[in-house]
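Okay, structure first, notes after.
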Amino acid sequence: MMANKWALVTGPTAGIGFEFAKLLASEKYNLVLVARDEKRLKSIAKDLQAQHGIKCEVLKADLSKKKDLEIVAARVSQSEKRIEVLVNNAGFSVNQSISNGAYAAEKSMLDVLVTAVLRLSHSAASQMRVHGSGDIIIVSSVASYMASGTYSSAKAWATNFAESLAAEVNKYGINVSALCPGFTHTEFHERANFDKGEVPNWMWMDAGYVVKTGWADHKRGKVVSIPSLRYKTLVFLMKVIPRSIIRKVQRKK
């Protein structure tokens with residue numbers, strides 16, 4: 001029997017977003033897949049439909065562009081085939097300093113990591129309140145507890161925003177959570193020209209594990225999910241260590 005529930009995932013062509021798409025498809029959610037690469041979107045949609053007997057819609061969109069973002073927001077707000085699960089996953093980083101890098105790159109990153117998350121979450125929460133149920137997941141990062149440029153600043157906003165929204169809409173039957181992984185094997189670091197060799201092997205996690213853990217935590221009502229004990233420990237330390245020390249460590253990089 002064809003599924004009649006819908007989920008929307010941004011950035012589903014690789015990594016964490018792809019794993020979310022696979023997991024939701026396995027739970028018989030029809031999917032709206034949103035990314036810039038239409039060819040990869042269609043390929044993934046075709047495979048998921050064949051494997052799980054679901055429907056897939058493909059939305060080619062650059063979430064840093066207002067026009068594209070509004071198209072996606074309109075789909076999230078749609079009452080017919082309404083979105084019951086929103087996964088705000090799309091994102092990227094730029095390997096540059098704030099003071100000596102290109103402003104346009106920093107602005108584009110903020111548009112995707114902050115503005116798009118706010119816009120889509122607002123659309124989702126508004127329609128979910130009417131129906132009295134829904135799930136919103138915001139993929140953040142343990143970087144939100146660091147002092148590591150615009151990226152970690154945006155992720156700090158994302159984590160706090162998820163907590164704020166969760167406190168507001170839980171009484172309407174809407175579950176909101178922030179998923180805060182550490183270093184995860186995806187295409188993210190290659191795209192940011194990040195040298196993965198600088199990170200010890202023990203710090204890397206599998207994207208499938210991250211998503212399964214985050215989804216399980218979300219279903220249990222956990223607002224902030226930090227997969228793996230090692231990253232829970234690191235975050236605890238970053239919370240208790242004076243911020244002056246965290247800034248000093250960052251300056252040495």
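The values are calculated or read from the model by the stated rules, or taken from the named source; none is laboratory data. Please read these numbers as outputs of a predicted model, since none were measured by experiment. Ideal geometry is used to build each Cβ from the backbone, glycine not excepted, and the neighbour counts take in all protein chains shown.
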Is it true that ALA50 is surrounded by 17 or more Cβ atoms within 10 Å (Cβ to Cβ) and at pLDDT 95 or above? no
Is there any pair linking a residue in segment 170-183 that is in contact (Cβ under 8 Å) with a residue 12 or more places away in the chain and hydroxyl-bearing (Ser, Thr, Tyr) to one that is surrounded by 20 or more Cβ atoms within 10 Å (Cβ to Cβ) and assigned to a strand (DSSP E or B), with Cβ under 8 Å and at least six apart or on different chains, and which? SER177/ILE136; SER177/ILE137; SER177/ILE138; SER177/SER225
Test set (1) small (Gly, Ala, Ser); (2) modelled with pLDDT of 95 or more; (3) farther than 20 Å from LEU86 by Cβ - ALA158 fails condition number: (3)
Within segment 93-130, restricting to residues that are part of a loop (DSSP other than H, G, I, E, B) and either touching a residue at least 60 places away in the same chain (Cβ under 8 Å) or not hydrophobic (A, V, I, L, M, F, W, C) (or both), the one that is nearest to SER164 (Cα to Cα) is SER93
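Residue-by-condition table, conditions (1) surrounded by fewer than 17 Cβ atoms within 10 Å (Cβ to Cβ); (2) over 24 Å from SER64 (Cβ atoms); (3) modelled with pLDDT of 95 or more:
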{"residue": "ALA102", "(1), (2), (3)": "yes, no, no"}
{"residue": "ILE136", "(1), (2), (3)": "no, no, yes"}
{"residue": "VAL139", "(1), (2), (3)": "no, no, yes"}
{"residue": "MET146", "(1), (2), (3)": "no, no, no"}
{"residue": "GLY149", "(1), (2), (3)": "no, no, no"}
{"residue": "SER153", "(1), (2), (3)": "no, no, no"}
{"residue": "ALA166", "(1), (2), (3)": "no, yes, yes"}
{"residue": "LEU179", "(1), (2), (3)": "no, no, yes"}
Scope segment 16-40; condition touching a residue at least 40 places away in the same chain (Cβ under 8 Å), surrounded by 23 or more Cβ atoms within 10 Å (Cβ to Cβ) and over 10 Å from ILE54 (Cβ atoms); matching residues: ILE16, GLY17, PHE18, GLU19, PHE20, VAL32, VAL34, ALA35
